[in-house]
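The values are calculated or read from the model by the stated rules, or taken from the named source; none is laboratory data. Since the structure is predicted, the reported quantities are computational estimates derived from the model, not experimental observations. FYI the Cβ positions are ideal-geometry reconstructions off the backbone, even for glycines, and counts take in every protein chain you see.
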Amino acid sequence: MAKFIVTGGKKLKGEIAASGSKNAALPIIAASLLSSQRSIIRNVPLIKDVLTLVELIKSLGAKVIFESHNLYIEPGSINSHTPNPQLAGKLRGSILLLGPMLAHFGKIHIPYPGGDLIGPRPIDTHLKALKQLGAEVEEGDILKLEAKRLKGTRIILSEASVTATENLLMAATLAQGETIIRLAAMEPHVVELAKILKDMGAKIEGIGTPTLTIKGVKELHGFIHTLEPDPIEVGSFAILAATTKSPITIKGVNPENLDAVLIKLSEIGVNWKLNDNNLLIEPPPKPYQAAKIQTGLYPALPTDLQSPFGVLATQAQGTSLIHDWMYEGRLAYINELRKMGANAFILDPHRAIIHGPTPLYGKEIHSLDIRSGITMIIASLAASGQSIINDAEIIDRGYENIEARLQNLGAQIERIN
């Protein structure tokens, strides 16, 4: 298992570019399977979750070339309906293969998806909705879904699940008749996926709203698309700059997807400004102030940035309340921050309080999931002394070449395998 050795307490400085969106890359790669034609995806982040999904579709028979952040996918050679079970069991995003494989090939046999240990993330919403489209579902050690041809219908999601919305969008494009999805998720990567599906020939109305209407077509064609910058990575780097009180410019951002993040940074007192597609964080002119950090469905603050905001709260005056209603295990990072000296307490599975400001000190800590992992890096860079972050490879699942990019800002961070 890899470790990061971080020496903190040093101001950083410089520029860092945003990668392509991880949360958009996974469903868009899956969407390429809806056509038999070649698709090209540009600005793809070189991260473990993307590489795992690429290997999964190759295990189905697709021909894939990944070079210079460009992904070339030839799905016409697919000859299997069973992706590699070992890989599928490690990746939550493997669930996104259900919709396109059912719609285009009529079946898929796949183990239950893996991913971060941040609390229960049942796939009932996916399975119930796909059944409504006509899929036959057999649950066991392996999920077996089959359908001769899906048929459109009116579906009300039991929750505004992002991946369930994406799966249904993809499945409905080739279904017979009209599908209406109510309580659809509206996250930027859902919108990005829907626009690509339209480019492929799908008929979709209501993009960016909670109600999506899809009229099925007989076939879709390939596409060429450049991924949007990752708003979660942008938010992570902004919080890194703010917590270490360092002047850092994040290049190539899309401000349209950052409203909730920028509002919360302003509330805390972070000194930021936008210059075209660049986000500049400067040292604050006065102390940071505590805030209520409450996550929600888009356009509210994303759950993926809850833990980075939590470490920023340790440097703010007053008591901050963290409220993340989505996942029961997402507050576990608080215990790691407590090891470093944070005055923080978990109230229940969804709420925590953090009293600040408190100095942080280097300790041996753990990366519990992708987002808590980047939080541990931020905390370690803000702390005095040396920290050891165990399970560094978890961070690789969501952040490309993170130590080299931070070293370019002056960070003292190295990987030990």
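Within the range 356-412, restricting attention to residues that are of a type in the set (S, T, N, Q) and surrounded by fewer than 24 Cβ atoms within 10 Å (Cβ to Cβ), which residue is nearest to residue 13 (Cα to Cα)?
The extreme case among them is 408.
Is there a residue in the range 62-78 that is under 22 Å from the mean Cα position of the chain (by Cα), in contact (Cβ under 8 Å) with a residue 60 or more places away in the chain and surrounded by fewer than 16 Cβ atoms within 10 Å (Cβ to Cβ)?
Checking the range 62-78: not a single residue is under 22 Å from the mean Cα position of the chain (by Cα), in contact (Cβ under 8 Å) with a residue 60 or more places away in the chain and surrounded by fewer than 16 Cβ atoms within 10 Å (Cβ to Cβ).
Only residues in the range 25-51 that are outside the structural domain of residue 76 (by TED's automatic domain parsing) count as the first member; pair them with residues that are β-branched (Val, Ile, Thr) and surrounded by fewer than 22 Cβ atoms within 10 Å (Cβ to Cβ), Cβ under 6 angstrom, at least 6 apart or cross-chain, and list the lot.
Partner pairs satisfying both residue conditions: none exist.
Kindly provide the set of residues from the range 328-352 that are hydrophobic (A, V, I, L, M, F, W, C) and over 25 Å from the mean Cα position of the chain (by Cα), ordered by number.
Passing the criteria: 340, 342, 344, 345, 347.
Looking only at the range 217-238, filter to residues that are touching a Lys or Arg at 6+ places or on another chain (Cβ under 8 Å) and either in a loop (DSSP other than H, G, I, E, B) or aromatic (Phe, Trp, Tyr) (or both); which one of those is surrounded by the most Cβ atoms within 10 Å (Cβ to Cβ)?
Taking the candidates together, the pick is 230.
Rundown of residues vs (1) within 17 Å of residue 100 (Cβ to Cβ); (2) crowded, with 24+ Cβ neighbours inside 10 Å; (3) in contact with a strand residue (DSSP E or B) (Cβ under 7 Å, 6 or more places away or on another chain), yes/no style:
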site: 167; (1), (2), (3): yes, yes, no
site: 176; (1), (2), (3): yes, no, yes
site: 197; (1), (2), (3): yes, yes, yes
site: 209; (1), (2), (3): no, no, no
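Determine the pairs where a residue that is within 22 Å of residue 250 (Cα to Cα), located within the range 281-297, has a partner that is aromatic (Phe, Trp, Tyr) with Cβ atoms under 9 Å apart, the partner being 6 or more residues away or on another chain.
So the pair list comes out as 281/237; 281/272; 282/272.
List the residue pairs whose Cβ atoms are under 8 Å apart, where the first residue sits in the range 200-222 and is farther than 11 Å from residue 181 by Cα, the second is at pLDDT 95 or above and among the aromatic types (Phe, Trp, Tyr), and the two are 6 or more positions apart or on different chains.
200/223
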